[in-house]
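Encoded as structure tokens, the structure appears first; notes follow it.
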Amino acid sequence: MPPARNPWNRDHFTGGSSSGAGAAVAAGFVPGALGSDTGGSIRGPAALCGIVGLKPTYGLVSRAGVYANSFTFDHAGPMTWTVEDCAIILQAIAGHDPKDPASARRPIPDYRAALSGDLRGLRIGIVRHLYEDDTIVAPEVRAALDEAYAVFRSLGATLEDARIRPAADYYAVKITIAESEQYAVHEEELRTRPGDFGADFLGRALPAVLYSGADYVQAQRERRLMLAEMAPIYEKYDLLVTPTAPGPAPRLGTWRTISFWQNASLTTPFNVTGGPALAQCMGFTPAGLPLSLQLVGRPFDEANVLRAAHAYETATNWRVRRPSLDSTTAFSTEPPPSIRAEAVDDPGVTRHCTGRLPPRRPVTERQPDRHDLRCGTLCHRNDQRLHRERDFREEPANIFQFPE
């Protein structure tokens, strides 16, 4: 299918994977849409398309009917033009569902009633190291963040710097768990019909054969520690704030699958921690592309996240601006360049992969060289962060439950 195009500039990316939903809301085709988020797939398109996107707390919104990507990290949530619309849709979709084994039994508050506009006494932690040390962000993002912080202070919130783990730690946990689970979901088709998948998907899914059962368990053990480490942070701060994306939407055709393995993410840490995270517009570049901030809350405290986001939205004028949908505007109608396997020049990497992979097959446009796709990522695997001396009693972060 042709790629979704960004309404702010149709030669630019919409973000993924809820790309069509983000573009449709930004263009005004629909007032709201649903997205799914395993590592940022609601918040990424929301950021690049300049809309509101909420990844709810894991278990708050049912995943029944959503095709599984990662059982541990999949979330479903709303994507809207305004925070109020986001609260309205969340009210309709939140709640226990026996069809989803991870669905939580929690009372559902009145999310719309939480939009008071009053942030007096709210404590916000700025997770500055995520975008100053752990990832590289555009200068426009830093400038827009500083302006956003001033708005929150003017509304009565108290802001100070906060720290969590480095982004790469969360990324190692998420990638090891999520790609292992994704491979398990698609294993039979990946073995028998690999040519029916896109090259980018193959470049993410196939390297999971290089993970071991021990890698998966160590990642789940590390995740439990990460969840415990958040408890004192939640006590000290009502919300955390970061950018959602490192910059504005890139041009179509600039993405390389290897970047998925090389670069940590601003959104993925909060899939690992599991609480709510909301993306919203915080301004525009001189070229007219949106910039986005991310508000993160305690598990099941969506009301506070929406309250702060709504107050910020009301205090700024970013919702007045809409993309121009001129049907005569010229833009490229060509598909982006094909994603190809990265060359592997390291003989040691190649030898390590060869013993685990089936024989090579001829490379075609529909079926890239699976050997290179897998070997090409081995150089960038970061699961070594998970292998350290551990307490014998460290349990993994999965829980058995009897089905109802």
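Computed FRET efficiency, Cβ-Cβ of Val185 and Ala315, R0 41 Å: what is it to the nearest 0.05?
Working: r = 43 Å, r/R0 = 1.05.
Computed FRET efficiency for Val185 and Ala315 comes out at 0.40.
Would you mind getting me the FRET efficiency between Ser324 and Ile88? Use the beta-carbon distance for r and R0 = 30 Å, nearest 0.05.
On the way: r = 27 Å, r/R0 = 0.90.
Efficiency for this residue pair is about 0.65.
Between Thr285 and Glu394, what's the calculated FRET efficiency when r is the beta-carbon distance and R0 is 45 Å? Round to 0.05.
Working: r = 45 Å, r/R0 = 1.00.
That pair, Thr285 with Glu394, gives E of 0.50.
Indicate the helices, whole DSSP H runs only, in the chain that combine a mean Kyte-Doolittle hydropathy of -1.0 or more with a Cα extent along their long axis of 18 angstrom or more.
Working: long enough: 139-154 (23 Å, -0.06); 167-192 (35 Å, -0.46); 213-236 (36 Å, -0.65); 302-315 (20 Å, -0.23).
Once both thresholds are applied, what remains is 139-154, 167-192, 213-236, 302-315.
What is the dipole size for the chain, taken about its Cα centre, with +1 at each Lys and Arg Cβ and -1 at each Asp and Glu Cβ, in debye to the nearest 20? List each step's numbers first, then the result.
Numbers: 44 positive and 47 negative charges, 39 e Å.
Value, rounded to 20: 180 debye.
If you stretched the chain out fully between Ser338 and Asp133, how much longer would it get, using 0.36 nm times the residue separation minus the C-alpha to C-alpha distance? Please list the in-between numbers first.
Working: separation 205, 0.36 × 205 = 73.80 nm, distance 3.25 nm.
This chain segment gains 70.6 nm when fully extended.
Report the relative contact order of the chain, percent, no decimals, based on alpha-carbon pairs under 8 angstrom and at least 6 residues apart. Each step should come with its number before you reach the end.
Details: 781 pairs, mean separation 92.1, N = 404.
Dividing the mean separation by the residue count of the chain yields 23 percent.
So how far apart, in nm, are the two label points at Ala231 and Gln262 if each is 7 Å from Cα heading toward Cβ?
For Ala231 paired with Gln262, the spin-label model returns 4.0 nm.
Work out how much length Ala64 to Asp11 would gain on full extension: take 0.36 nm times their residue separation and subtract the Cα-Cα distance, in nm to one decimal. Don't skip to the end; give the middle numbers.
Details: separation 53, 0.36 × 53 = 19.08 nm, distance 3.46 nm.
This chain segment gains 15.6 nm when fully extended.
Which of the lysines could a cross-linker bridge to Lys236, judged by Cα under 24 Å and excluding same-chain residues fewer than eight apart?
Lys55
FYI, it's all coordinate maths here, none of it is from the lab. Since the model is a prediction, treat every value here as computed from it, not as a measurement. As a convention, Cβ positions derive from the backbone with ideal geometry for all residues, glycine included, and neighbour counts pool all protein chains shown.
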